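K.L.:
Have a look at this one before I ask anything.
A short reminder: the numbers here are calculations on the coordinates, not readings from a lab. For clarity, every value in this text was computed on a predicted model and none was experimentally measured. Heads up, the Cβs are rebuilt from the backbone with ideal geometry, glycines too, and the neighbour counts pull from every protein chain shown.
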Amino acid sequence: MAPSFDHLRDEDLDEDDFDMDEVDISDLREKYEVQLEQGYDHFVVIDGLPVVDQNQKPKLVKFLLKKLNTVGKTREELIFMPMDEDGKSMSFAFVEYSSAAEAAAAVRQLDLVPLDKKHTLRVNKLTDVDRYGKEGRIAEEYTPPKIEEFQEKEHLRSFMADPSGRGRDQFVMFRGESVGVFWNNEKDVPENIVDRQHWTETFVQWSPLGTYLTSVHAQGVQLWGGASWTRQRRFAHPFVNLVAFSPNEKYLVTWSNRPISIPDEGHPALSLDDDGKNYVIWDIETSKPLRSFAQLDAPAGPVVDGAAAKAPAKYPWPAFKWSADDKYVARLTQGQSISVYELPKMNLLDKTTVKLEGVMDFEWAPASPQREGVKTYEQLLCFWTPEIGSNPARVGLMSIPSKEIVRSLNLFSVTDAKLHWQSEGAYLCVKVDRHSKSKKSQATTLEIFRVKEKGVPVEVVDTIKDTVINFAWEPKGDRFVIINTTEPVGATAVPPKTSVAFFCPEKAKGNAVGNFKHLRTLEKKNSNAIYWSPKGRFVVIATVHNQQSSDLDFFDLDFEGDKPESDKDLTANLQLMNTADHYGVTDVEWDPSGRFVATWASSWKHSMENGYHLYDFKGEQLREEPIEKFKQWQWRPRPPTLLTKEEQKTIRRNLREYSRVFEQEDAERINSADVAVVEERRRLLEEWLAWRAAMEEELAEEREILGLPSDPVAELLNAKTAQLAPDGEEKIIEEIMEEVLEETEEIVQ
């Protein structure tokens, strides 16, 4: 689950709030120091060219010109290729572009590009070559580089090998000014791995596969990892507000609401080309910037029917969205176009944007598609455009890199639409809010694209007269949950009453998936959030950010008990397993294994009863810990399994055998814990007895010094004996006591 950044405001990120000396970037500054030589910033130097004679030179220049003009404008007379005394070229050339920006684009996009099978271009700015030469960084005579001795580095995924052998997951907690990483010990106190003060200045964030922990500072972003939690990468983007990773952790996007300002003495990683920009896309492996972008102004938007042209967010996030395989990243210019860039060169795909009049939003498929009958490589993205004039609203499914529209759907009377992909890209649900002709009433339809079926058929699931405020697909499954309300949506003193509806497919023959049907609706709820287990089957329906209600309902959609007769033909058996209450809960997150659920009340949202609760998947509370100034909890993600589908099926078939082993280990661990408790109690008892014996000995010595009897109990018995009769016989004294139990009076006339 992605972290919430509602707490971050512009005024919270003033320069005075940060210690500018906390992150040492002097080595980066020295390595990437920029000192622009005026007058030569239009020139680049091309190395790696084939050696040709004077007759072959024009042919090579024309061939090279085709490559050079892909990023800017230059001409044959602006390419100077030196020749040696033998009339042979010297494998390099000087090229003049029409602007410094085009020269910078050539360095960024043409460096390491193959010219032919035997030659690869190396492109550098002439100013860089001149500067490095003047500063003595380039020697007159070539000396072979010194090969440093190999030093083994820590494995960045060592967290996958739990030393306890129990397959525990890790999580990070940010409370007060301290950030700590812990092993989950279920009911027991979490085992601390590392805990550091002022590790971050705003928030922490895991990378999508759990390799890195991100800290954010005024000077930029740092990535941490390995068993000793050393710094792995640094990205010097001043006053960064937000970060986002590509799905496979190859690239990183950083954003600051303050435009980048390059000082006169240069910047450790950025150049003058990045001045005034807000976004930077970085290569994580090299820690180098690939390209920067300015903040887009909020568009005025087209004239549309209905209320579809809503004002966009001031700073929409994420501004850049990634394809499932990290090969493409795209950016929306709302109302106009979608720009798709190829990685790692960040070239605009086909050198043109995808023009889509009125386009409101788009989403990549979260997994590489496997459409029936399609054998060529593709990634899919979906988009929607509102009604413009007499043209209907439209939802489109586009194949990249061909930009072919493989399926489109026209819609009418559209107020708004939301795009929801299933985790494996098998289904796309478009939640369409429609208005009546009078625009006084509203209804919602669910249009489901069956992406992997031939022709991508679209199924209309249901027409819901209420406003749908939340929708969530089951991960790796084909069921979904919606939350809807009949009351107005927005900020209200009393949260609206809601209904929770479950949907699943009908049973079908073979491997086919049947039509989607309504399973069950729960009325008169306050729920507003849906949290599916990452493994599917289990779901938590919660009420968050609500001071009047904080319900948590734990459901099982594959309950193994009796199935109602009305659900016999459906692929689900719904059962409420447990309910819980966490006052002031602001966030809910499942661990990667789907065994545990963490809920917490963040001080970023309110200051009442901050802390966390931990539940198992059935809703049984395992731990509750109030923590002052508790801010953030995040489970550490795990990379995808390396097991094949057949190996996973084998494990499922033999799950009972594995379960016996795990149950025995759990029993032994519990027994060992019980033995430890007994031994601890025995130790405490022995300490108590030893202390008591020492005290008694000390007391006896004091009595002897003071002349007191050594045994006061015996002294008391002797005193009592002295009170007996002189003949030694005991006196028996009888006392008669009267007690009135009841008394009545009766008047006799």
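K.L.:
What FRET efficiency do you get for H198 and I651 if R0 is 45 Å and r is their Cβ-Cβ distance, rounded to the nearest 0.05? Spell out each step's value before the answer.
P.N.:
On the way: r = 44 Å, r/R0 = 0.97.
It comes out at approximately 0.55.
K.L.:
If each residue of separation counts as 0.36 nm, what is the full-extension length gain between D569 and E523 once their alpha-carbon separation is subtracted?
P.N.:
Details: separation 46, 0.36 × 46 = 16.56 nm, distance 2.34 nm.
Using 0.36 nm per residue and subtracting the Cα-Cα distance, I get 14.2 nm.
K.L.:
Please enumerate, by chain and number, the aspartates and glutamates with C-alpha under 12 Å from the C-alpha of K250, excluding those fewer than 8 residues away in the same chain.
P.N.:
Partners within reach: D283, E285, D325, D326.
K.L.:
Arrange T143, T286 by Cβ neighbour counts within 10 Å, fewest through most, would you? Let's see the in-between values first.
P.N.:
Numbers: T143 6, T286 10.
Ascending Cβ contact count within 10 Å gives the list T143, T286.
K.L.:
Ok, one more. Please list the radius of gyration and Dmax for the range 646-703, considering alpha-carbon atoms only, with Å as the unit.
P.N.:
24.7, 83
K.L.:
While we're looking at this one, here's another question. Amide H neighbours of A319 under 5 Å, counting only residues 5+ apart in sequence or on other chains, H built in-plane at 1.01 Å?
P.N.:
Amide H neighbours of A319, under 5 Å, 5+ apart: none.
K.L.:
Sorted from fewest to most neighbouring beta carbons within 10 Å, what does the list H155, H420, H613 look like?
P.N.:
On the way: H155 12, H420 17, H613 22.
The order, fewest Cβ neighbours first, is H155, H420, H613.
K.L.:
Long-range amide H contacts for Q232: which residues qualify at under 5 Å (H placed 1.01 Å from N, peptide plane, sequence gap of 5 or more or a different chain)?
P.N.:
Amide H neighbours of Q232: L223, W224, G225.
K.L.:
Each residue of the range 158-168 in order: what ³J(HN,Hα) in whole Hz does its phi give by Karplus 6.51 cos²θ - 1.76 cosθ + 1.60, θ = phi - 60°, with x for Gly and Pro?
P.N.:
5, 5, 6, 9, 5, x, 7, x, 9, x, 6
K.L.:
How do R669, R652 rank when sorted from fewest to most other Cβ atoms within 10 Å of their own Cβ? Kindly include the intermediate steps, with their values, before the conclusion.
P.N.:
Working: R669 13, R652 9.
Going from sparsest to densest Cβ surroundings: R652, R669.
K.L.:
Classify the range 513-660: rounded, prolate or oblate, from the alpha-carbon gyration tensor (a ≥ b ≥ c, eigenvalue square roots; a/c under 1.5 rounded; otherwise prolate if a/b is larger than b/c)?
P.N.:
Working: a/c = 2.33, a/b = 1.36, b/c = 1.71.
Oblate, because a/c is 1.5 or more while a/b does not exceed b/c.
K.L.:
Could you give the size of the charge dipole of the range 550-615 about its Cα centre, using +1 on the Cβ of each K and R and -1 on the Cβ of each D and E, expressed in debye and rounded to the nearest 20? Let's see the in-between values first.
P.N.:
Details: 4 positive and 14 negative charges, 58 e Å.
That gives the range 550-615 a dipole magnitude of about 280 debye.
K.L.:
Further, regarding this structure: Taking the Cα atoms only, what angle lies between the long axis of helix 57-68 and the longest principal axis of the chain, rounded to 10 degrees?
P.N.:
40
K.L.:
Taking 0.36 nm per residue of separation and subtracting the Cα-Cα distance, what length does fully extending A676 through T352 add?
P.N.:
Numbers: separation 324, 0.36 × 324 = 116.64 nm, distance 6.92 nm.
Extra length available between A676 and T352 comes to 109.7 nm.
K.L.:
Restrict the search to the range 94-125; then list the trypsin sites (Lys or Arg not before Pro) that DSSP places in a loop and that have at most 12 other Cβ atoms within 10 Å of their Cβ. Can you show the working numbers first?
P.N.:
Details: sites: R108, K117, K118, R122, K125; in loops: K117, K118.
Qualifying residues, ordered by number: K117, K118.
K.L.:
So what is the 222 nm mean residue ellipticity for the chain from helices alone, if each DSSP H run of at least 4 adds -39500 (n - 2.57) and you divide by all residues, rounding to the nearest 500 deg cm²/dmol?
P.N.:
On the way: 7 runs with 111 residues, N = 749.
Taking each H run of at least 4 residues, the total per residue is -5000 deg cm²/dmol.
K.L.:
P(r) for the chain, please, calculated from all Cα pair distances in 20 Å bins and given in %.
P.N.:
That works out to 12, 38, 28, 12, 6, 3, 1, 0, in percent per bin.
K.L.:
For K146, which lysines qualify as cross-link partners when the Cα separation must be under 28 Å and same-chain residues fewer than eight apart are set aside?
P.N.:
By straight Cα distance, K146 reaches K31, K118, K125, K134, K288.
K.L.:
Let me know the longest stretch in the chain that avoids all chymotrypsin sites (Phe, Trp or Tyr not before Pro) found in a DSSP loop with at most 12 other C-beta atoms within 10 Å.
P.N.:
Working: sites that count: Y142, F150, Y377, F412, Y583.
The answer is 151-376.
K.L.:
Grab the Cα-Cα distance for S228 and N515, subtract it from 0.36 nm times how many residues apart they are, and report the gain in nm with one decimal. Intermediate results must be reported in sequence, preceding the final value.
P.N.:
Numbers: separation 287, 0.36 × 287 = 103.32 nm, distance 5.18 nm.
Gain on extension, S228 to N515, equals 98.1 nm.
K.L.:
Then there is this: Please state the charge dipole magnitude for the chain, taken about the Cα centre, from unit charges on C-beta atoms (+1 on K and R, -1 on D and E), reported in debye and rounded to the nearest 20. Numbers along the way, then the final one.
P.N.:
Values: 93 positive and 129 negative charges, 1439 e Å.
The dipole of the chain has a size of about 6920 debye.
K.L.:
How long are the semi-axes of the equivalent ellipsoid of the range 195-272, defined as square roots of 5 times the Cα gyration tensor eigenvalues? Whole Å, largest first. Please list the in-between numbers first.
P.N.:
On the way: eigenvalues 102, 41, 28 Å².
Semi-axes, largest first: 23, 14, 12 Å.
K.L.:
Here's another thing I want to ask about it. Could you run the Debye sum over the Cα atoms of the range 110-234, one equal point scatterer each and no solvent, and tell me log10 of I(q)/I(0) at q = 0.14 Å⁻¹, two decimals?
P.N.:
Debye intensities relative to I(0), on a log10 scale: -0.83.
K.L.:
For V406, enumerate residues with amide H under 5 Å from its amide H, sequence gap 5+ or separate chain, H modeled in the peptide plane.
P.N.:
So V406 has HN proximity to L397, M398, S399.
K.L.:
Still on this structure, I have one more. I need the per residue convex hull volume for the range 52-153, using only the alpha carbons, in cubic angstrom as a whole number. Provide the component values of the computation, followed by the final result.
P.N.:
Values: hull volume 18.2 nm³, N = 102.
Convex hull of Cα atoms, per residue: 178 Å³.
K.L.:
³J(HN,Hα) across the range 653-659 via Karplus (A = 6.51, B = -1.76, C = 1.60, θ = phi - 60°), whole Hz, x for Gly/Pro?
P.N.:
Karplus values, whole Hz, x for Gly and Pro: 5, 9, 5, 5, 5, 5, 4.
K.L.:
Right, here's the next one. In degrees between 0 and 90, to the nearest 10, how far off the longest principal axis of the chain does helix 100-110 point, with axes built from Cα atoms?
P.N.:
70
K.L.:
Right, here's the next one. Can you list which of the trypsin sites (Lys or Arg not before Pro) found in the range 584-641 are DSSP loop residues with at most 16 other C-beta atoms within 10 Å?
P.N.:
Details: sites: R595, K605, K618, R623, K629, K631; in loops: R595, K605, K618, K629.
The qualifying sites are K618, K629.
K.L.:
Among all the lysines, which ones have a C-alpha under 22 Å from K465's C-alpha, if same-chain residues fewer than 8 places away are not counted?
P.N.:
Straight-distance partners of K465: K310, K418, K431, K437, K439, K440, K497, K517, K524, K525.
K.L.:
Toward the positive end of the charge dipole of the range 34-134, about the Cα centre and with charges on Cβ (Lys, Arg +1; Asp, Glu -1), which of A106, V44, G87 goes farthest?
P.N.:
The one lying farthest along the dipole's positive direction is A106.
K.L.:
Relative contact order of the range 85-211: what whole-number percent is it, with Cα pairs under 8 angstrom and at least 6 residues apart? Kindly include the intermediate steps, with their values, before the conclusion.
P.N.:
Values: 93 pairs, mean separation 13.8, N = 127.
RCO, the range 85-211: 11 percent.
K.L.:
Along the range 561-566, what does the Karplus equation 6.51 cos²θ - 1.76 cosθ + 1.60 (θ = phi - 60°) give for ³J(HN,Hα), rounded to whole Hz, x for Gly and Pro?
P.N.:
For the range 561-566, the Karplus-derived couplings read x, 5, 9, x, 4, 5 Hz, x marking Gly and Pro.
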